[in-house]
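This report refers to the structure that appears directly beneath it.
The values are calculated or read from the model by the stated rules, or taken from the named source; none is laboratory data. Model, not experiment: these values are computed from the prediction. We place every Cβ from the backbone using ideal geometry, glycine too, and count neighbours over all the protein chains shown. Quick note on the areas: whole protein, heavy atoms, side chains included, nothing else; ligands and nucleic acids left out. Shrake-Rupley method; radii C 1.70, N 1.55, O 1.52, S 1.80 Å.
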Amino acid sequence: MSDQWFEGSVKPALSAAYTLGNSTALYGKVSAVGERTYGSAPSLVGVDISSFQAEDLYIGWRSGKTITTASENVVDVAVGRAPFKLGHGMLLNDGAAEGGSRGGYWTNARKAFQFAAIARLQPGPHKAETFYLDKDELPENDSGTRLWGANYEFKPSAHSTIGVSYLKFFAHEDIRPDRDGLNVWNWRAYIAPIPSTPDLTVDFEYATERNGDRLHSDAWNLQGSYAMTKLRWKPVFSYRYAFFQGDDPATTRNESFDPLLPGFHDWGTWWQGEIAGEYFLSNSNLSSHMLRAHVVPTDAVSGGLMFYKFRLDQPAAFAPGVTDKNVAFEMDAYVDWKINKTFTASFLAAFANPQTAAQQAFNRTKNFGYGMVFLAYSY
């Protein structure tokens, strides 16, 4: 079967806001997404198919300056079909499923949850949120995933944010027993540790998943970045280590980290590798090293290189007969181009070398090659 295919999407949207006499405001958004996959896509992506359905459909209220004149919109409440993102999206970002009977596996134009109720309190550098979210899943793969949660963030400076969140998940017990009743704690720190050197940043995130005897797992990542903003192309160099626990076959309980609902934040976050992370690895039973160099030659063009080393936490849990932890090495090169006010384009080329674990699991020794061109028009 050929592994060449095309995807297309369209998203008409209408947003509106109405300010009342007391400075409070009502706001809302209505949008729909049409997607199509065509060509000869691999089975993971889905068959040639198209779909068109509602995306955003929510209404909200902001408090304006009625609570305090020092801060605007201290209270913000929204309900309906709406997106929601937690931190950099490692656990909670993508509210809708793609591919399958909807098409658009890679373009991922849908983001809104099937139903969302979000209340936000933002006095000064503090932010507190509580929310209920119901994922918009594929009809043929509906696990009943939904959750409620609370989030607190403190922003001590323009370049630093510290946060902690609690999530309570529910799902159809016969389909996702480990997720039904799952308790998740998440700690985050995105900081510039030296106030006089904001070009040096450190990102840290830790998550625990507990569900009685059904699931007991952890994940964490640490990234350091340095931006040379005074140089011509403003290069940024980053290193990240990420760990997502795998299931130990020697124990009776499950330690396999549930990836939950991650989404795109930036290249490599949180789909790790355009080949490995999109097609045969997930944020579970995985440790990864990432080196990245990013440059901005002009205001309209940016790009970079990313290098990944992927290893398994528990080889025996990956596939029958796997004994080695080394699964793949990958290199991705990308360019983002803002052509004009309405057109943007992205270009990507990727190479991956399957290592011993991948060879044992898939009986593949041939290298992977991947190319992508993405063109977007906004009006």
Exercise. Using alpha-carbon pairs under 8 Å, 6+ residues apart, how would you state the relative contact order of segment 223-379 in percent?
Worked result: 18
Seminar exercise, completed: So, over other residues within a Cβ distance under 10 Å of LEU147, counting Lys, Arg +1 and Asp, Glu -1, the net charge is +3
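Output the Kirkwood hydrodynamic radius of segment 72-220, Cα pairs only, in Å rounded to one decimal. Please list the in-between numbers first.
Values: mean 1/r = 0.0593 Å⁻¹.
Over segment 72-220, the inverse of the mean reciprocal pair distance is 16.9 Å.
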Exercise. Label ALA293 and VAL202 with points 7 Å out from Cα along Cα→Cβ: what is the distance between them in nm?
Worked result: 2.5
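Rounded to the nearest 0.05, what FRET efficiency is calculated for MET372 and SER23 with R0 set to 41 Å and r the Cβ-Cβ distance? Mind dumping the intermediate values first?
On the way: r = 46 Å, r/R0 = 1.12.
E between MET372 and SER23, to the nearest 0.05, is 0.35.
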For this session: Quick one: net charge around GLY273, please, counting Lys, Arg +1 and Asp, Glu -1 for every other residue with C-beta under 15 Å from its C-beta.
Result: -1
For this session: Would you mind checking the radius of gyration and Dmax of the chain based on alpha-carbon positions, in Å?
Result: 21.6, 69
Problem set entry | 222 nm mean residue ellipticity, helices alone, for the chain (DSSP H n ≥ 4; -39,500 (n - 2.57); rounded to 500) | -500 deg cm²/dmol
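With a 1.4 Å probe and every protein chain left in place, work out the accessible area per residue of the chain in Å², rounded to a whole number. The partial results should precede the final answer.
Numbers: 18450 Å² over 379 residues.
Per residue, the chain has 49 Å² of solvent-accessible surface.
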Problem set entry | Most mobile of GLU140, GLU274, GLU255 in a GNM of the chain (Cα contacts under 10 Å) | GLU140
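What order, most packed first, do the peptides 216-225, 190-199 have when packing is the mean number of other Cβ atoms within 10 Å of each residue?
Per-residue mean Cβ counts within 10 Å order the peptides as 216-225, 190-199.
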Seminar exercise, completed: Share (percent) of C-alpha pair distances in segment 176-254 greater than 22 Å works out to 45
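What does the highest-first list of 112-120, 371-379 look like by mean Cβ count within 10 Å?
Ranked by mean Cβ neighbours within 10 Å, highest first: 112-120, 371-379.
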Seminar exercise, completed: Per GNM of the chain with C-alpha springs under 10 angstrom, the most fluctuating residue out of TYR18, TYR38, TYR206 is TYR18
Problem set entry | Top of LYS155, LYS366, LYS230 by mean-square fluctuation, Gaussian network on the chain, Cα under 10 Å | LYS230
Exercise. Which value in nm describes the separation of the simple spin-label points at PHE264 and VAL335, placed 7 Å from the Cα toward the beta carbon?
Worked result: 1.9
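Give me the net charge for the shell around GLN355: Cβ to Cβ below 14 angstrom, other residues only, Lys and Arg +1, Asp and Glu -1. Could you put the intermediate results ahead of the total?
Details: positive: LYS309, ARG311, LYS325, ARG364, LYS366; negative: ASP324, GLU330.
Residues close to GLN355 contribute a combined charge of +3.
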Exercise. Roughly speaking, to the nearest percent, how much of the chain's 1.4 Å accessible area is carbon and sulfur?
Worked result: 60
Problem set entry | Rg/Rg_ref, segment 194-330, where Rg_ref = 2.2 N^0.38 Å and atoms are Cα | 1.21
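Determine the gain in length on full extension of the stretch ASN326-VAL77; use 0.36 nm per residue of separation and subtract their C-alpha separation, reporting nm with one decimal. Please list the in-between numbers first.
Numbers: separation 249, 0.36 × 249 = 89.64 nm, distance 4.68 nm.
Stretched fully, the ASN326-VAL77 segment lengthens by 85.0 nm.
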